[in-house]
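Novice: After the structure tokens below, expect a handful of questions from me.
The values are calculated or read from the model by the stated rules, or taken from the named source; none is laboratory data. These numbers come from a predicted model, not from an experiment. When we count neighbours, we look across all protein chains shown, and the Cβ atoms used for this are built from the backbone with ideal geometry, even at glycine. Areas reflect the complete protein model, heavy atoms only, side chains present, ligands, DNA and RNA absent. Shrake-Rupley method; radii C 1.70, N 1.55, O 1.52, S 1.80 Å.
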Amino acid sequence: MLFSIIATVREDLANAREHDPAARGDVENAIVYSGLHAIWIHRACHAMWVRGWKGPARVLAQFNRFLTGVEIHPGATIGRRFFIDHGMGIVIGETAEIGDGVMLYHGVTLGGQVLTQTKRHPTIGDNVTIGAGAKVLGPITIGANSAIGANAVVTKDVPENSIAVGIPAKVRHRKSDEQRHLVDPDNYVDPGSYII
Ligand SMILES: CC(C)(COP(=O)(O)OP(=O)(O)OC[C@H]1O[C@@H](n2cnc3c(N)ncnc32)[C@H](O)[C@@H]1OP(=O)(O)O)[C@@H](O)C(=O)NCCC(=O)NCCS
């Protein structure tokens, strides 16, 4: 159990370094990244939730929101290597299901459109990236390896390997040379300009 927690924390720290060009050492990242704090506290909340300790799980989730600005319902299922950059203003609903390797920027909502106690939040496939401020609403599926543009509003299924932008979101195929992070320093920094 302890070894598995340590392995998960190390994987999360490596994942943060991979996804954020501003990330530096692991100790510093563990202290300053709200997105890491949010997923670590959520894992505790979710473990409590599935064991039936629902009240304490909700209270801890509220503390998580207070600390990080990230509101994740304890019932939400989230896979490995989940990363939130910048934290703040994220809402993830109770019946959301998130695969492995998913990344969210600040201001993302994975929300519902109905008030019934059914599956009402999105299912997000593996390796999906969701840009800042995007709203993904309803029990829809975002296919693996897709990207949702900043501020998009998505209310319909998005196939695998797609890019969805705008309101309402328009979907197009994501070409193989676009299988990179949405914010990649290599797109902006001329390698010849590095100071060694
Ligand atoms: C959607 C995204 C992945 C790029 O997709 P893309 O198809 O490669 O985008 P391009 O830059 O080639 O632009 C294609 C067109 O879509 C438009 N577009 C790009 N992103 C858009 C967005 N989020 N919303 C609306 N339109 C967008 C462009 O203006 C362009 O329009 P044009 O054809 O009329 O000129 C990217 O723009 C994006 O939104 N990334 C999110 C990054 C983010 O949240 N960063 C936060 C860092 S703190």
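Novice: For segment 151-174, does any single residue satisfy the condition of being open to solvent by less than 20 Å² (accessible area, probe 1.4 Å), closer than 21 Å to N15 by Cβ, more than 8 Å from the ligand (Cβ to nearest atom) and polar (S, T, N, Q)?
Specialist: No, there is no match, as no residue in segment 151-174 is open to solvent by less than 20 Å² (accessible area, probe 1.4 Å), closer than 21 Å to N15 by Cβ, more than 8 Å from the ligand (Cβ to nearest atom) and polar (S, T, N, Q).
Novice: Could I ask something else about it? Name every residue in segment 93-125 that is aliphatic (A, V, I, L, M), crowded, with 18+ Cβ neighbours inside 10 Å and under 14 Å from I140 (Cα atoms), in order of residue number. First the steps, then the outcome.
Specialist: Step one: of segment 93-125, the residues aliphatic (A, V, I, L, M) are 96, 98, 102-104, 108, 110, 114-115, 124.
Within this subset, residues satisfying the condition of being crowded, with 18+ Cβ neighbours inside 10 Å are 96, 98, 102-104, 108, 110, 124.
Result: A96, I98, L110, I124.
Novice: One residue is enough: does segment 133-149 have a residue meeting the conditions surrounded by fewer than 19 Cβ atoms within 10 Å (Cβ to Cβ), closer than 21 Å to D12 by Cα and within 12 Å of the chain's Cα centre (by Cα)?
Specialist: Within segment 133-149, not a single residue is surrounded by fewer than 19 Cβ atoms within 10 Å (Cβ to Cβ), closer than 21 Å to D12 by Cα and within 12 Å of the chain's Cα centre (by Cα).
Novice: Give the residues of segment 61-78 that are open to solvent by 10 Å² or more (accessible area, probe 1.4 Å), in contact with a strand residue (DSSP E or B) (Cβ under 6 Å, 6 or more places away or on another chain) and assigned to a loop (DSSP other than H, G, I, E, B), sorted by residue number.
Specialist: Listed by number, the list is empty, since nothing qualifies.
Novice: Kindly indicate the residue of segment 102-124 that is in a loop (DSSP other than H, G, I, E, B) and within 16 Å of the ligand (Cβ to nearest atom) and also nearest to the chain's Cα centre (by Cα) among those meeting that condition.
Specialist: Step one: filter segment 102-124 for residues in a loop (DSSP other than H, G, I, E, B), giving 102, 106-108, 112-122.
Narrowing the set further to residues that are within 16 Å of the ligand (Cβ to nearest atom) leaves 102, 106-108.
Details: V102: 5, H106: 9, G107: 11, V108: 8 Å.
Per the stated criteria, the residue is V102.
Novice: OK, next. Which pairs turn up if I take residues in segment 1-28 that are over 22 Å from I130 (Cα atoms) and look for partners that are surrounded by 12 or more Cβ atoms within 10 Å (Cβ to Cβ) with beta carbon separation below 7 Å, at least 6 apart in sequence or on another chain?
Specialist: Taking only residues 6 or more apart or on different chains, the pairs are D26/L13.
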